[in-house]
Amino acid sequence: MSVFAYLSETIREAEKPLLEAGIPLMARAARALANSAAAMLKADHGQVTGTRVSVLAGPGNNAGDALFAAATLGRRGAAVTVITLFDRTHADGLAAARSSGAQVIAFTSAEADAARADALRELSRADLVLDGVLGTGGRRGLPDHISSLIADWAPHRTGRLIAVDVPSDLDPNHTGAEKRLHADHTVTFGGLKTELIDPRVDEFTGTADVIDIGLGLDPRLAAAELLDRDDLVAGFPRPDETGHKYSRGVTGVLAGSEDYPGAGVLTTTSAVNTGAGMVRYLGSPLVAEYVLGLHPEVVNASGRIDSVVLGPGDPEPEFVQGVAEALAGNRTPVVVDAGGLDMIARAESMAGTWLADRPLIITPHAAELARLLSRLLGEIITAGRIGANPMRWAQRAAELTGAIVLLKGHHTVIAAPDGHVVLPTPGPGTLATAGSGDVLAGILGTLAAITAAHGRYDSEDRTRPPREWARLAGLGVLLHNEAGRRAVTASGLADALAEVVGELIHGTD
């Protein structure tokens, strides 16, 4: 289910009143860390007694968590070595570790050759290492004596490593991965930190375990939300028993052209199979013939629509103009994909266009977003720059356009204009195929239509904040992922949607 991620500043602010009230947050964190470490040692070695544990101790509270946890492991029979890396560390934590029998090595400068050799020996034979060097408030970049120790230890490392709260020096833009700590597991406290969700730091964080230490964080303060398959099962909009086709939503599809008719077929098929109450095809008569030949339930006539999917297959300008005129003056949601994105790029500003003042979801891949941003910013933005920091660029595009930006890729990033990010779990590699994006556009259009139709019949639900639209887009990505696990082509993907949606609606596992 949903996991919310928070800025470190938000978590620190939540900690303040509890610390002032004397709540032992460090004791709670250290106890949970010791339990996680003991579980890892038991999984690898069958017991804690007789194992070797090393602590890389920095100057702050992360070191305190690690040292108190190591003291617990020492009392349970582990041989603990503490390697202090700065002139100071957490005094009470160090005293607790010493009292449990821990050996202490002070390696605080590059000149301490004997201490360096001792530290390297202990790290190399450790079954488990606790990274308590630097936390979220630590400076970027490790001192040379630490980074060189890590580099020399890496080829001889045999045990596992747990990062305390966050891995030290967790900077996604920092080069030199061989001089950085690669965690197998991160134990973080209070709430998931946004530093841990950036796809670029996966190799340093390992799996993350969020420990509740009683902060009571408000999800409305979250900077990001992570979605998984359970969210799709819980959140997929199912038909109401007393509903009708209009309350289920009418999806308008303007996709495909005489040059690219297949895009119209794929987008319409996915809209039908996602469970729209009705699908209207709004484009080329030639494409309409293909669509109706496969889906006689599709309506090829004007009328009510609750959302529009625009762009796949470069629909002809006259049909785009017709949709623009039909949508003028209302707030019908629009999903813009592929060729439709150039229309946004050509607009000097979103204000004043027919796309403004409505829920808008755009679905570029990195190259398409690069073209869009280059036009909007007046500078060259490359796909490589987008790929190097997808979250930042998705957020920037959302801020500039006022749209929900769904940046497609293995790690799909969805950003709202206020900077909030939704991260669905990645889908299978089979989704990387021509036409897959057309299928996703049809899914998103139908989910938007269902949502908008619901607002028509519920007077208290006529508007939704952008974060809810971003979450809805995340559910669409998860649905796309599920269909992708049953198909290897885009047409097979669109057909598989009917099976997946049927299971979601009827409750089949």
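Among the numbered criteria (1) touching a residue at least 12 places away in the same chain (Cβ under 8 Å); (2) more than 19 Å from residue 359 (Cα to Cα); (3) of a type in the set (Gly, Ala, Ser), which single criterion is violated by residue 293?
For residue 293, the failing item is (1).
Inspect all residues belonging to segment 53-62 and state whether any of them is surrounded by fewer than 24 Cβ atoms within 10 Å (Cβ to Cβ) and either touching a helix residue (DSSP H, G or I) at 6+ places or on another chain (Cβ under 6 Å) or at pLDDT 95 or above (or both).
So far as segment 53-62 goes, no, none of its residues is surrounded by fewer than 24 Cβ atoms within 10 Å (Cβ to Cβ) and either touching a helix residue (DSSP H, G or I) at 6+ places or on another chain (Cβ under 6 Å) or at pLDDT 95 or above (or both).
Name the single residue, out of those in segment 454-474 being closer than 21 Å to residue 243 by Cβ and in a helix (DSSP H, G or I), that is modelled with the lowest pLDDT.
457
Might you let me know whether segment 361-378 holds any residue that is part of a loop (DSSP other than H, G, I, E, B) and farther than 26 Å from residue 224 by Cα?
So the first thing to find is which residues in segment 361-378 are part of a loop (DSSP other than H, G, I, E, B), and the list is 363-365, 378.
Subsequent filtering for residues that are farther than 26 Å from residue 224 by Cα retains 378.
So far as segment 361-378 goes, yes, one or more of its residues are part of a loop (DSSP other than H, G, I, E, B) and farther than 26 Å from residue 224 by Cα.
Residue check: is residue 67 in contact (Cβ under 8 Å) with a residue 24 or more places away in the chain, among the aliphatic types (A, V, I, L, M) and surrounded by fewer than 19 Cβ atoms within 10 Å (Cβ to Cβ)?
Numbers: in contact (Cβ under 8 Å) with a residue 24 or more places away in the chain: yes; among the aliphatic types (A, V, I, L, M): yes; surrounded by fewer than 19 Cβ atoms within 10 Å (Cβ to Cβ): no.
Considered against the rule, which asks whether it is in contact (Cβ under 8 Å) with a residue 24 or more places away in the chain, among the aliphatic types (A, V, I, L, M) and surrounded by fewer than 19 Cβ atoms within 10 Å (Cβ to Cβ), residue 67 comes out as no.
Take the residues of segment 285-324 that are within 36 Å of the chain's Cα centre (by Cα) and polar (S, T, N, Q): which is nearest to residue 249 (Cα to Cα)?
Looking at the filtered set, the residue picked out is 307.
Which one of the conditions (1) surrounded by 18 or more Cβ atoms within 10 Å (Cβ to Cβ); (2) not in a loop (DSSP other than H, G, I, E, B) does residue 151 fail to meet, given that it meets all the rest?
All conditions pass for residue 151, except number (1).
Among the listed residues 451, 433, identify the single one that is among the polar types (S, T, N, Q) and either part of a loop (DSSP other than H, G, I, E, B) or without any contact (Cβ under 8 Å) to a residue 12 or more places away in the chain (or both).
Details: 451 fails: either part of a loop (DSSP other than H, G, I, E, B) or without any contact (Cβ under 8 Å) to a residue 12 or more places away in the chain (or both).
The match here is 433.
So if I check each of 419, 442, which one is among the small types (Gly, Ala, Ser), in the same structural domain as residue 334 (by TED's automatic domain parsing) and closer than 26 Å to residue 324 by Cα?
Of the residues listed, the single one that is among the small types (Gly, Ala, Ser), in the same structural domain as residue 334 (by TED's automatic domain parsing) and closer than 26 Å to residue 324 by Cα is 442.
Taking segment 462-509 on its own, how many of its residues are crowded, with 18+ Cβ neighbours inside 10 Å and β-branched (Val, Ile, Thr)?
Selection size over segment 462-509: 3.
Please verify whether residue 505 is of a type in the set (A, V, I, L, M, F, W, C), assigned to a helix (DSSP H, G or I), more than 26 Å from residue 344 (Cα to Cα) and touching a residue at least 12 places away in the same chain (Cβ under 8 Å), treating the condition exactly as stated.
Numbers: of a type in the set (A, V, I, L, M, F, W, C): yes; assigned to a helix (DSSP H, G or I): yes; more than 26 Å from residue 344 (Cα to Cα): yes; touching a residue at least 12 places away in the same chain (Cβ under 8 Å): yes.
So residue 505 passes the test.
Based on this model, can you work out whether residue 354 counts as part of a helix (DSSP H, G or I), closer than 26 Å to residue 465 by Cβ and touching a helix residue (DSSP H, G or I) at 6+ places or on another chain (Cβ under 9 Å)? Don't jump to the end; show me each part of the working.
Values: part of a helix (DSSP H, G or I): no; closer than 26 Å to residue 465 by Cβ: yes; touching a helix residue (DSSP H, G or I) at 6+ places or on another chain (Cβ under 9 Å): yes.
Judged against the criteria, residue 354 is not a match.
Which of the following residues is modelled with pLDDT of 90 or more, surrounded by fewer than 16 Cβ atoms within 10 Å (Cβ to Cβ) and out of contact with any Cys (no Cβ under 9 Å at 6 or more places or on another chain): 286, 310? Before the answer, list the steps.
Working: 310 fails: surrounded by fewer than 16 Cβ atoms within 10 Å (Cβ to Cβ).
Exactly one of 286, 310 is modelled with pLDDT of 90 or more, surrounded by fewer than 16 Cβ atoms within 10 Å (Cβ to Cβ) and out of contact with any Cys (no Cβ under 9 Å at 6 or more places or on another chain), namely 286.
Among (1) more than 13 Å from residue 449 (Cα to Cα); (2) touching a residue at least 12 places away in the same chain (Cβ under 8 Å), where does residue 240 come up short?
(2)
Among the residues of segment 13-39, write down those that are farther than 17 Å from residue 132 by Cα, in contact (Cβ under 8 Å) with a residue 12 or more places away in the chain and part of a helix (DSSP H, G or I). Even if it seems obvious, please write down each step before you answer.
The first filter runs over segment 13-39 and keeps only residues farther than 17 Å from residue 132 by Cα, leaving 13-24, 39.
Okay, now just the ones that are also in contact (Cβ under 8 Å) with a residue 12 or more places away in the chain, so 14-15, 18, 23.
14, 15, 18 - these are the residues of segment 13-39 that are farther than 17 Å from residue 132 by Cα, in contact (Cβ under 8 Å) with a residue 12 or more places away in the chain and part of a helix (DSSP H, G or I).
I'd like to check which helices (runs of 4 or more DSSP H) are fully inside segment 154-251 and have at least 1 residues that are farther than 28 Å from residue 415 by Cβ. Reasoning before the result, please.
On the way: elements: 202-205, 229-235, 245-248.
Per the criteria, 245-248.
The values are calculated or read from the model by the stated rules, or taken from the named source; none is laboratory data. Because the structure is predicted, anything quoted here is derived from the model rather than measured. FYI the Cβ positions are ideal-geometry reconstructions off the backbone, even for glycines, and counts take in every protein chain you see.
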